[in-house]
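K.L.:
Take a look at the following structure, please.
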Amino acid sequence: HEVILTQAGEGIYGLDQTGLTTFVNPTAARLLGYELSELTEQPMHDLLHHSHPDGSPYPPEDCPIYAALHDGLVHRVSTDVFWRKDGTAMPVEYVSTPIIEKGVVAGAVVVFRDITDRKEAERAVEESQERFRQLAEHIKEVFWITDPTKNRMIYISP
């Protein structure tokens, strides 16, 4: 187990029933800008998941990470941010999985990855589409775009 935790490309940490960290892998600490010792036995929600991407408060009772501790279900999220030690936001995709021992939720394991590059690529595509839309709606000439492989029109100017 130790090799998996130390070599994994994703951040991984464990929580006890109260939401305190029981273990943190080196990747999680590096991504979050902390030393391993600074994250152990800490309330992770307060440390890194205390607000939504827009900065509005994220109450612990609404936290999908902690939800796994209460409902015993796996929670997958790709629209949140974790806050690094230096106060910067990191867009993340994560899965919070309950640890069940003898039929009772004993904690959770959270696996997360930094999706900054994906978010930037999505934003670039959206900006490109918006530039095309602006151009297409304001140009006076008639133009169209076809897909020759499917023999159909993709776009015809207004």
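K.L.:
Along region 63-71, what does the Karplus equation 6.51 cos²θ - 1.76 cosθ + 1.60 (θ = phi - 60°) give for ³J(HN,Hα), rounded to whole Hz, x for Gly and Pro?
P.N.:
6, x, 5, 6, 4, 4, 6, 9, 9
K.L.:
Using the Karplus curve 6.51 cos²θ - 1.76 cosθ + 1.60 with θ = phi - 60°, what ³J(HN,Hα) values do you get for each residue of region 89-94, in whole Hz, with x for Gly and Pro?
P.N.:
Each residue of region 89-94 in turn: 8, 10, x, 10, 10, 9 Hz.
K.L.:
Here's another thing I want to ask about it. Between the DSSP loop rule and a limit of at most 13 other Cβ atoms within 10 Å, which chymotrypsin sites (Phe, Trp or Tyr not before Pro) in region 77-158 are left? Could you put the intermediate results ahead of the total?
P.N.:
Working: sites: Phe82, Trp83, Tyr94, Phe112, Phe132, Phe143, Trp144, Tyr155; in loops: Phe143.
Loop-located and lightly packed - Phe143.
K.L.:
Could you give the C-alpha radius of gyration of region 1-128 expressed as a fraction of 2.2 N^0.38 Å, taking N as the number of residues it contains? Show your work: numbers first, answer last.
P.N.:
Values: Rg = 14.6 Å, N = 128, 2.2 N^0.38 = 13.9 Å.
Output field value: 1.05.
K.L.:
Quickly work out the Arg30-to-Thr149 label distance, labels modelled 7 Å from Cα along the C-beta direction, and quote it in nm with one decimal.
P.N.:
Once both label points are built, they end up 3.7 nm from each other.
K.L.:
Another question, then. If you keep only loop residues by DSSP, which GluC sites (Glu not before Pro) in region 5-99 have at most 13 other Cβ atoms within 10 Å of their Cβ?
P.N.:
Details: sites: Glu10, Glu35, Glu38, Glu41, Glu61, Glu93; in loops: Glu10, Glu35, Glu41.
Sparse-neighbourhood loop GluC sites (Glu not before Pro): Glu35, Glu41.
K.L.:
What net charge is computed for the residues neighbouring Glu120, neighbours being all others with C-beta under 13 Å from the C-beta of Glu120, Lys and Arg scored +1, Asp and Glu -1? Walk me through the numbers on the way to the answer.
P.N.:
Numbers: positive: Arg118, Lys119, Arg123; negative: Asp114, Asp117, Glu122, Glu126, Glu127.
In short, -2.
K.L.:
Could you tell me the calculated FRET efficiency between Phe132 and Asp62, based on Cβ-Cβ distance and R0 = 41 angstrom, to the nearest 0.05?
P.N.:
On the way: r = 38 Å, r/R0 = 0.93.
Computed FRET efficiency for Phe132 and Asp62 comes out at 0.60.
K.L.:
I would also like to ask the following. Note down the relative contact order for region 17-158 as a percent, whole number, built from C-alpha pairs under 8 angstrom at least six residues apart. The partial results should precede the final answer.
P.N.:
Details: 206 pairs, mean separation 22.8, N = 142.
Reported relative contact order: 16 percent.
K.L.:
Right, here's the next one. Return the FRET efficiency for the residue pair Glu10, Thr79: r is the Cβ-Cβ distance, R0 is 22 Å, and the value is rounded to the nearest 0.05.
P.N.:
Numbers: r = 18 Å, r/R0 = 0.80.
FRET efficiency, Glu10 to Thr79: 0.80.
K.L.:
Around Asp16, under 15 Å between beta carbons, what's the net of Lys plus Arg minus Asp minus Glu among the other residues?
P.N.:
Working: positive: none; negative: Glu41, Asp46, Glu101.
Neighbour charge sum, excluding Asp16 itself: -3.
K.L.:
Note the direction-averaged projected area, equal to a quarter of the hull surface, for the Cα convex hull of region 98-155, in nm².
P.N.:
On the way: hull surface 34.2 nm².
For the Cα atoms of region 98-155, the hull's average projected area reads 8.5 nm².
K.L.:
Using the Cα centre as the reference, give the magnitude of the dipole from point charges on the C-beta atoms of region 18-158 (Lys, Arg: +1; Asp, Glu: -1; all else neutral), rounded to the nearest 20 debye.
P.N.:
Working: 14 positive and 22 negative charges, 110 e Å.
Computed about the Cα centre, the dipole is about 520 debye.
K.L.:
Going 7 Å from the Cα of Arg123 in the Cα-to-Cβ direction, what parts of region 55-72 have a backbone nitrogen less than 18 Å from that spot?
P.N.:
Under 18 Å, as judged by backbone N against the label point of Arg123, lie 55-56 of region 55-72.
Read-outs throughout are calculated quantities, based only on the coordinates presented, and are distinct from any laboratory measurement. Note that the coordinates shown come from a computational prediction; the quantities given were computed from them, not determined experimentally. Every residue, glycine as well, gets a Cβ built from its backbone with ideal geometry; the counts of neighbours run over all protein chains shown.
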